[in-house]
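Novice: My questions will all concern the structure given below.
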Amino acid sequence: MKIKVEPFLMKKGNRVAKAAIEFSENDTPLAGFHLVGFTICDDSERGLFVLFPASITKNGPDGQTKPFFFLRPSAENQLEQLETAILDSYESMVGGFANSPKIEAAKT
């Protein structure tokens, strides 16, 4: 398994990069597949964190919305371990530049 991270050239709100997991030949039957949809975010309250692939679904007659997560762990700490691995990949790519976009919007 390999984690691929693509930093955005410009911050999009608090989103700073996107990530995907590429499965290797040893990860049969997932060999050659990519799991996409991870978003790396950075805000002043939480710091760096990962949004996992999800879809919004409507539940019940009142139309309430709820996230439906595509990735579900079988053990409690698995999502935390995956988030750590994704953030480690991101931080190794950007070094000390994690909080500043490469291109800043023009100030008027």
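Novice: Taking the options PHE49, PHE68, name whichever one is in contact with a Cys (Cβ under 8 Å, 6 or more places away or on another chain), assigned to a strand (DSSP E or B) and not aliphatic (A, V, I, L, M).
Specialist: Among PHE49, PHE68, only PHE49 is in contact with a Cys (Cβ under 8 Å, 6 or more places away or on another chain), assigned to a strand (DSSP E or B) and not aliphatic (A, V, I, L, M).
Novice: Which of (1) assigned to a strand (DSSP E or B); (2) without any contact (Cβ under 8 Å) to a residue 40 or more places away in the chain; (3) charged (D, E, K, R) is the odd one out, the single condition ASP42 does not satisfy?
Specialist: Checking ASP42 against (1) assigned to a strand (DSSP E or B); (2) without any contact (Cβ under 8 Å) to a residue 40 or more places away in the chain; (3) charged (D, E, K, R), the one that fails is (2).
Novice: I need the full set of residues from region 38-63 which are among the polar types (S, T, N, Q), closer than 24 Å to THR84 by Cβ and surrounded by fewer than 15 Cβ atoms within 10 Å (Cβ to Cβ), in order please.
Specialist: SER44
Novice: While we're looking at this one, here's another question. Which condition number does PHE23 fail, the rest of (1) modelled with pLDDT of 90 or more; (2) exposed (fewer than 13 other Cβ atoms within 10 Å of the Cβ); (3) over 22 Å from GLY95 (Cβ atoms) being met?
Specialist: With respect to (1) modelled with pLDDT of 90 or more; (2) exposed (fewer than 13 other Cβ atoms within 10 Å of the Cβ); (3) over 22 Å from GLY95 (Cβ atoms), PHE23 is out only on (2).
Novice: Which residue pairs have Cβ atoms under 9 Å apart, sit 6 or more places apart or on different chains, and have a first residue in region 56-72 that is at pLDDT below 85 and a second that is loosely packed, with under 10 Cβ neighbours inside 10 Å?
Specialist: LYS58/GLN64; LYS58/THR65; ASN59/THR65
Novice: Suppose we filter ASP62, ASP88, ASP43 for residues that are out of contact with any strand residue (DSSP E or B) (no Cβ under 9 Å at 6 or more places or on another chain) and acidic (Asp, Glu); which single one remains?
Specialist: Every option except ASP62 fails the conditions.
Novice: Oh, and also: Can we say ALA75 is outside any loop (DSSP other than H, G, I, E, B) and either small (Gly, Ala, Ser) or modelled with pLDDT of 95 or more (or both)? Quick ask: steps written out before the conclusion?
Specialist: Working: outside any loop (DSSP other than H, G, I, E, B): no; either small (Gly, Ala, Ser) or modelled with pLDDT of 95 or more (or both): yes.
For ALA75, the condition - outside any loop (DSSP other than H, G, I, E, B) and either small (Gly, Ala, Ser) or modelled with pLDDT of 95 or more (or both) - is not met.
The values are calculated or read from the model by the stated rules, or taken from the named source; none is laboratory data. Keep in mind it's a predicted model, so treat the numbers as computed, not measured. Counting neighbours? That spans all protein chains shown, and the Cβs are built from the backbone with ideal geometry, glycine included.
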